[in-house]
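This report refers to the structure that appears directly beneath it.
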Amino acid sequence: MAIKNDVIVAIATAPGPSGVGVVRLSGFDLTPFVSGILKKNVLTPRFAELSWFHDTTGDIIDQGLALWFPAPYSYTGEDVLELQGHGSMMVLSSLISACQSFGARLAMPGEFTQRAFFNGKLDLTQAEAVIDLIHADSQACAKGALRSLSGVFSKKVSVLRESLIELRMFIEGSIDFSEEGYDFLATIPPHLSPQCIEEQLFSLLKDASDSLVFNQGRQVVLIGAPNAGKSSILNALSQDDLAIVTEIPGTTRDAIKHQIVVQGIPFHIIDTAGLRETTDRIELVGIEKTWQAIDKADMVLLVIDVEKGITLTDQQLIDRLSASLPIIKVANKIDLLADAGLSDQWIKVSAKTMFGLDELKNKLIEVSGVKVSTAPPFLARERHVAELKTCLHHLRLSQQVSEIEFVAEELRLTQQALNSVTGEFTADDLLGEVFSKFCIGK
């Protein structure tokens, strides 16, 4: 994927009226924009200058601050000009039009960060961390994304890469000089052994996998018979009246989704239609959607009405669920029956009085499989975890084959997958997918 050398422009602040709005330009020659829009010959680097902004006819558009970041000391590695004016969409649109008249084109989504990547200002994990930081749902997620942006994840990958390169030197040397009688394999230092590198790679993979929970959250589906109180549980967890609650069975028909954050981990709670035998065509559609949601869930909350106990329908539902799907059993309406006679497997709650909700939240954390103490060491994505799993696969294969040429090939494939994590070796279509998720001005 080749980078273009033209000048790009975009509004860098969120849409809608605001106190301040920012228009950003990037390219390798912004002289026409400095002279045309600001009517100045030169700007002091990294210094905010109060300026009038003009259109191509010389009329004033706005007054604000102009900041000049000459290459390569800028976000993109190119010359960057930021025009900070009033946050009126009319003003900002006029500024964009003026920039286009002087030769700029509108930036594509993520193109500023894409240029930073191609110009060596960021690697791919850092570029992805930018969008993760923008969309962070919790303080823990934001801290993890910031650590990835600062290079924590990249440095861990780089250390592994260097060890792999050194190990490959010994392996390739033993092939190239096999007839010389020199045993390169006997001189491999212990810290470069495949076993040692595997331990480091496995540790990195575990950290990356754990961080996915902070980044993507867990999908939790509320299931149970009609009127068990699933919608009330959703409202209690979200502390909002999101779902309609009535005594009429089958009130909930469309799935209602809401996100809560517990100890830094996002949980996407989905309230679904009650599961029962019915001839109501609309309710049947809702029940079908419930099973579709269950198929995609990371865990389910099985809610029962404590006054009715575990019914035959509840037991049939439990039997139908996949054995690999974690089930959190919730006995609701405990305020109506203090002694429910249920085992400790059931979490007793009252959506009405909020009793037991803290225990339920702690159970969500426990089932999520992540030990929560602080923010993750960095933030990873599914792509990173997949590439690291590929690395581990080929590294283990290198220890199972006997022919030295096969060992060398598996180590090469290990390094290739590791390079893909940070973008050292990445297909163009993947880069397009990554940067298309960004907003226009980033």
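The values are calculated or read from the model by the stated rules, or taken from the named source; none is laboratory data. Since we're looking at a predicted model, the values are computed, not measured. Counting neighbours? That spans all protein chains shown, and the Cβs are built from the backbone with ideal geometry, glycine included.
Structure notes:
- Here is the figure for the stretch 22-55: residues that are exposed (fewer than 13 other Cβ atoms within 10 Å of the Cβ) and of a type outside the set (D, E, K, R) total 8.
- Enumeration of residues in the stretch 143-159 that are surrounded by 15 or more Cβ atoms within 10 Å (Cβ to Cβ), touching a residue at least 24 places away in the same chain (Cβ under 8 Å) and either touching a Lys or Arg at 6+ places or on another chain (Cβ under 8 Å) or farther than 15 Å from Gly423 by Cα (or both): Lys143, Gly144, Ala145, Arg147, Val152, Phe153
- Top-ranked residue in the stretch 373-424 [being part of a loop (DSSP other than H, G, I, E, B) and among the hydrophobic types (A, V, I, L, M, F, W, C); ranked as modelled with the lowest pLDDT]: Ala375
- Options Gly151, Gly110, Gly144: the member that is touching a Ser or Thr at 6+ places or on another chain (Cβ under 9 Å), among the small types (Gly, Ala, Ser) and over 30 Å from His258 (Cα atoms): Gly151
- Residue within the stretch 258-275 that is out of contact with any Lys or Arg (no Cβ under 8 Å at 6 or more places or on another chain), farther than 30 Å from Leu388 by Cβ and either part of a strand (DSSP E or B) or modelled with pLDDT under 85 (or both) present: yes
- Flag not set for Thr353, criterion: in a helix (DSSP H, G or I) and either within 25 Å of the chain's Cα centre (by Cα) or not aliphatic (A, V, I, L, M) (or both).
- The residues of the stretch 133-159 that are within 22 Å of Glu424 (Cβ to Cβ), assigned to a helix (DSSP H, G or I) and not basic (Lys, Arg), listed by number, are Ala145, Ser148, Leu149, Val152, Phe153, Ser154, Val157, Ser158, Val159.
- Residue satisfying all of: in the stretch 376-426; touching a helix residue (DSSP H, G or I) at 6+ places or on another chain (Cβ under 6 Å) and among the small types (Gly, Ala, Ser); surrounded by the fewest Cβ atoms within 10 Å (Cβ to Cβ) among these: Ala408
- Single residue of the stretch 56-80 satisfying the filter (over 18 Å from Leu92 (Cβ atoms) and hydrophobic (A, V, I, L, M, F, W, C)) that is surrounded by the fewest Cβ atoms within 10 Å (Cβ to Cβ): Ala71
- Remark: Val349 matches the filter, which requires a residue to be of a type in the set (Val, Ile, Thr) and either at pLDDT below 85 or within 12 Å of Ile233 (Cβ to Cβ) (or both).
- Leu83 vs. criteria surrounded by fewer than 21 Cβ atoms within 10 Å (Cβ to Cβ) and either assigned to a strand (DSSP E or B) or without any contact (Cβ under 8 Å) to a residue 24 or more places away in the chain (or both): no
- Applying the condition of being more than 41 Å from the chain's Cα centre (by Cα) and hydrophobic (A, V, I, L, M, F, W, C) to the stretch 163-184 and asking which residue is modelled with the lowest pLDDT yields Phe184.
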